[in-house]
There are 2 protein chains.
Amino acid sequence: MTTTDPQVPPVLALARPPKELRSSTAHLLKRFGSVVKERSAAAYEPTGFSPYHHAVLALLDEEPPETQAMIADALGYDRSHLVGLLDELEERGLIERRRDPSDRRRHLVSLTAEGKRTLKRLRTIAKSVDAELFAPLDPEQRETLHALLVLLANHHESRRHAGTS
Amino acid sequence: MTTTDPQVPPVLALARPPKELRSSTAHLLKRFGSVVKERSAAAYEPTGFSPYHHAVLALLDEEPPETQAMIADALGYDRSHLVGLLDELEERGLIERRRDPSDRRRHLVSLTAEGKRTLKRLRTIAKSVDAELFAPLDPEQRETLHALLVLLANHHESRRHAGTS
DNA sequence: TATTGTTATACTCTATAACTATA
DNA sequence: TATAGTTATAGAGTATAACAATA
């Protein structure tokens, strides 16, 4: 301040957040969480799908055909959000919707063979995003990070619907 | 599947995401990152401020009066986003904007005494959010988590403007 | 009357572009 | 002509509410 030359030394005007933020775990988590979100959205983008689509396919691959409400609840999505995702997946032949004969209000959703193939492609993308994001960590550190996040996730599970994919 | 009773056993239809997601560190990070974001936004809400305001005040508390461009760059915000934040802070007397006499296009932004007081209040809120979010971790685990996030943050620093506060 | 899937609407966030005043 | 701050606009993402078919 005071008499310091106001001419900015061109290079060293480094954009650095305040210590107070850098020292906050919560802040780092928010920040890095959104980096992860951006990076993975970008990585999926060329396929025309998103992490949301991947989540739906992964669920259907593990579970028997389910109703839309069950899918939405399992993934923490809003039911109306799910409709659009399923429309897109169905259009491209990755899933099938058929009416539940025992309750004609319901749709039973299931994975097609093409859906399984695409799921494998999306897994490859997820893997490469992981590799990039966690490059600075060695395998043991990744394990540790994962374990800590699982602890946190289990504890905060009981939250409302969220929908971050 | 097959002949399994389609009548859902009322209680155990637990909304559980697929293993594939639960086992993905990237997914957990996205998810928990947005939980953090929601929780802290909610905690700040009664004050009429947001984590963004807190970030600006914290920066000004550490640095001499800065121009808006420098603040925006340091926090990774868009310059136009910052304008509104500063308007709100100024209205409530927490910061001051005055023209830089040596370049009348610039505003030099500084913290007022009232701003410092409010900053302290916001720190208290941040602390209580932290306590709640990281309750399931013991002090050593928190340290570990923080250290891992710092590693990641340093590595991915060179990213564009983000603005997750 | 309640529920499933659907459609429509609104609201928040953020990114982009256009404008002014100074340089 | 370029830059700092400002204003305005538009786009994603998500949440809420209303609706038709079925129970």
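Since every read-out is calculated from the coordinates, none of them should be taken as a lab result. Remember, predicted model here, so these are calculated numbers, not experimental data. As a convention, Cβ positions derive from the backbone with ideal geometry for all residues, glycine included, and neighbour counts pool all protein chains shown.
Numbers below:
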{"quantity": "Semi-axes of the equivalent ellipsoid for the range A:98-141, Cα gyration tensor, largest first, Å", "calculated": "38, 13, 7"}
{"quantity": "Whole-Hz ³J(HN,Hα) from phi, Karplus 6.51 cos²θ - 1.76 cosθ + 1.60, for the range B:28-42, glycine and proline x", "calculated": "4, 5, 4, 4, 5, x, 7, 4, 4, 4, 4, 4, 6, 4, 5"}
{"quantity": "In sequence order, calculated HN-Hα J values of the range B:116-126 (Karplus, 6.51, -1.76, 1.60; Hz; x Gly/Pro)", "calculated": "5, 4, 4, 4, 4, 4, 5, 4, 4, 4, 4"}
{"quantity": "Whole-angstrom gap from the range B:27-73 to the range B:101-156, using each part's C-alpha centre", "calculated": "7 Å"}
{"quantity": "Chymotrypsin sites (Phe, Trp or Tyr not before Pro) within the range B:41-77: DSSP coil, no more than 16 neighbouring Cβ in 10 Å", "calculated": "none"}
{"quantity": "Per-pair calculated FRET efficiency, R0 = 41 Å: A:ARG97 and B:GLU62 via Cβ, rounded to 0.05", "calculated": "0.15"}
{"quantity": "Pairs of lysine residues in the range A:13-148 - Cα separation under 26 Å, sequence separation of 8 or more or cross-chain", "calculated": "7"}
{"quantity": "Under-5 Å amide H pairs with B:ILE95, H placed in peptide plane, nonlocal only", "calculated": "B:GLU90, B:THR112"}
{"quantity": "Calculated P(r) tail over 31 Å for the protein assembly as shown, as whole % of Cα pairs", "calculated": "43 percent"}
{"quantity": "Teacher prompt: B:ARG142 distances to equivalent labels in other copies, 7 Å Cα→Cβ, nm", "calculated": "2.9"}
{"quantity": "Overall dimensions of chain B as given by Cα atoms, namely Rg and Dmax in Å", "calculated": "21.4, 81"}
